[in-house]
Amino acid sequence: MKALVHHKRGVTIVSFEGHLNFSHIQKLKESLTDLYTTQKNKKVIFNLSKLAFVGSSGIKPFIKVFRAFNKDKKTRPHFTGLSPEYQRLFKAFQGKGKFEIFDDEPTALRSYFLRPRKSARA
């Protein structure tokens, strides 16, 4: 497994490629911790469209790594490239913090720049 990191409009995009298995989880956790501690901007998109999960033993620990970062609203990552099956797994293991899952990278990127609408008072 490899991770390619690039930046668009002030957002860090991490695109994963290759095969993920249980042996990659600790290294991934260390790399993501380093990424989050060195980033001034906490806007991050994880593109998983080219990542192949090898066996079910790797998916739950993989999701747990992201769940740790998802607890803090300032560092809540956005995800794209998940098949419907993996979207269901992410949602099943998300815990209290809802994962922000998008259909594609441009939509995930735009979501960081959309301003929430203020509700009109009567």
| query | Has the stretch 28-43 got any residue that is at pLDDT 75 or above, farther than 19 Å from F113 by Cβ and in contact with a Gly (Cβ under 6 Å, 6 or more places away or on another chain)? | reply | no
| request: Restrict the check to the stretch 7-21 and report whether at least one residue is in a loop (DSSP other than H, G, I, E, B), over 13 Å from the mean Cα position of the chain (by Cα) and modelled with pLDDT of 85 or more. | output: yes
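The values are calculated or read from the model by the stated rules, or taken from the named source; none is laboratory data. Bear in mind that the values here come from a model prediction, so they are computed numbers and not experimental data. Counting neighbours? That spans all protein chains shown, and the Cβs are built from the backbone with ideal geometry, glycine included.
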